[in-house]
Amino acid sequence: MAEGAAEASAESGGDGASGVSASERGVAPIKPQYLTTKEGFHGFLEAQGQEKLPQETEAGNPDGSDGAEPEAKRIRLENGQTEEAAEPGEQPQAQKRARGQNKVRPHMKPTHYDKNRLCPSLVQESPGQCFFGDRCRFLHDVSLYLESKPPDLGPRCVLFETFGRCPYGVTCRFAGAHLGPEGQNLLTAPEDDSGRNHCATQRDPVGLGAGTPPGSPVRTCGPLTDEDTVRLRACEKRLDIGGKLYLAPLTTCGNLPFRRICKRFGADVTCGEMAMCTNLLQGQMSEWALLKRHACEDIFGVQLAGAFPDTMTKCAELLSRTVEVDFVDINVGCPIDLVYKKPVPPVSLFCPPLLCLPAPVAVAAPPQLHGRSREQRYTKLADWQYIQQCVEVASPMPLFGNGDILSYEDANRAKQTGVAGIMIARGALLKPWLFTEIKEQRHWDISSSERLDILRDFTHYGLEHWGSDTQGVEKTRRFLLEWLSFLCRYVPVGLLELLPQRINERPPYYLGRDYLETLMASQQAADWIRISEMLLGPVPPDFAFLPKHKANAYK
């Protein structure tokens with residue numbers, strides 16, 4: 001493959017420049033033998049995809065079909081024009097510089113793909129009557145629903161194997177793994193080493209309360225203190241996260257399944273996606289879903305954004321009574337127009353004394369500073385000299401720094417500024433194993449199969465979090481595709497001529513060491529969809545996707 005890439009580079013007439021000159025132009029320095037042209041890149045994917053993809057597909061059409069992609073859709077852009085959805089080998093000409101967000105993009109609710117929906121009372125096998133009574137608009141005939149239900153996406157159900165029961169019953173897209181001969185939902189007691197899902201059975205008399213437990217020394221609870229009646233002082237409640245790796249709160253992509261991936265690779269501190277205080281106080285379920293915490297997140301916080309002192313205080317008091325968090329992160333520098341262009345700017349910019357949160361959640365965590373301005377966005381590198389000046393001024397108060405960390409070398413240079421710790425955002429999206437590289441002080445030349453296993457774990461976590469029915473599968477697919485729009489910018493270590501990769505360097509067209517590595521380097525949404533089909537089965541017939549974030553990294 002390397003020889004083929006070298007031939008394609010020679011035909012391109014200069015694309016195989018040296019790594020130094022390419023780096024000066026803001027292009028990642030890739031070894032010349034791997035470089036190719038745009039036509040050669042997409043031609044290779046089209047030629048190899050037909051024979052490679054069926055062999056690597058985990059969940060596909062059970063009838064042996066090739067899972068053809070849907071017909072091209074007309075996608076409406078911000079300027080009012082339309083263009084055909086990108087097909088493999090095709091790329092629409094850019095009308096203007098890619099920047100900001102694709103605010104006007106095709107958005108299909110996950111329920112759109114499930115036209116005939118079964119009544120929740122039948123899904124949950126409720127012994128009583130329908131929850132909605134005569135007003136119910138859902139199907140009540142299970143046989144009719146099964147006739148119109150798409151085929152299963154695979155023989156294994158993650159929920160059934162993890163928890164011993166799938167709450168989605170016949171609506172599960174992997175229902176064949178846990179449905180009996182008469183369509184009933186089966187139960188089992190799974191092996192759970194964590195002890196969180198212990199099921200008492202007849203073989204466990206102690207768990208059932210029968211029999212005598214084995215003798216053991218009596219453990220006392222210790223001296224009685226006034227910890228539950230006397231409030232701790234602010235200095236006593238301070239959360240010590242100095243020197244730890246902090247996964248930044250990431251809108252859209254910083255969901256719970258992604259945070260589980262980062263925790264597995266060594267992230268110490270995690271934080272939920274930004275939540276608006278007014279939406280939380282109004283009881284919007286979509287906003288409260290952002291505050292969910294997984295058991296593996298030992299140091300977890302939530303990020304709040306608001307413009308009024310009263311709503312911020314009420315929201316903090318509400319969180320102290322309803323959720324279990326270690327700290328609250330106040331967003332005072334959000335560049336999103338939804339927050340920045342409000343009639344009243346963020347309250348903390350002008351009224352810091354008014355942000356005295358209630359004692360149960362007023363855990364003092366070090367402030368975090370992102371070394372770039374709102375107008376600058378990501379067109380320039382983060383200013384770590386400015387962060388160092390802020391660290392000196394803020395001393396002895398600890399300060400976390402954030403910006404452009406994509407390798408352990410970048411992290412070491414950031415620590416030399418005197419920051420108490422580093423926060424990682426885009427670097428974790430491009431390579432979630434960055435936390436492992438920083439802790440082990442090495443460059444990890446991860447293989448394409450290992451990267452696919454990471455994506456497979458993400459889909460499993462997504463099915464656990466969002467569900468295994470059609471709605472949950474498509475929601476998992478959507479967030480997987482959003483993440484793939486960042487993952488495609490990663491360049492494998494073995495292909496780089498000069499280490500490490502810089503976050504502001506755009507990868508040119510190159511052929512990887514195998515088909516899957518080349519496919520993961522594609523910047524076409526159609527190829528991201530192809531990867532999602534390898535893990536979640538074929539997309540619905542009317543499926544369309546456009547990433548939320550634009551990027552200058554796309555060519």
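Could you give the length gained by full extension between GLN48 and SER395, i.e. 0.36 nm per residue of separation minus their alpha carbon distance, to one decimal place? Let's see the in-between values first.
Numbers: separation 347, 0.36 × 347 = 124.92 nm, distance 5.74 nm.
Length difference between fully extended and current span is 119.2 nm.
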Exercise. Across bins of 5 angstrom width beginning at 0, how are the C-alpha pair distances of region 379-466 distributed, in whole percent?
Worked result: 3, 13, 19, 19, 15, 12, 9, 7, 4, 0
Exercise. Amide H of LEU245: which non-local residues (sequence gap of 5 or more, or other chain) have their own amide H closer than 5 Å, using H built in the peptide plane?
Worked result: ASP268, VAL269
Exercise. How much length is gained if the chain between GLN441 and ARG117 is pulled fully straight, taking 0.36 nm per residue apart and subtracting their Cα-Cα distance, in nm to one decimal?
Worked result: 111.5 nm
For this session: With 25 Å as the limit, write out which pairs from LYS431/LYS548; LYS292/LYS314; LYS149/LYS263; LYS380/LYS475 have Cα-Cα distances beyond it, or answer none.
Result: LYS149/LYS263; LYS380/LYS475
Problem set entry | Sites LEU239 and ARG25 - FRET efficiency at Förster radius 45 Å, r taken between beta-carbons, to 0.05 | 0.55
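No lab work stands behind these numbers, since they all come straight from the coordinates. Every value quoted in this text rests on a predicted model; they were computed, and no experiment measured them. No Cβ is skipped: glycine too gets one built from the backbone with ideal geometry, and neighbour counts run over all protein chains shown.
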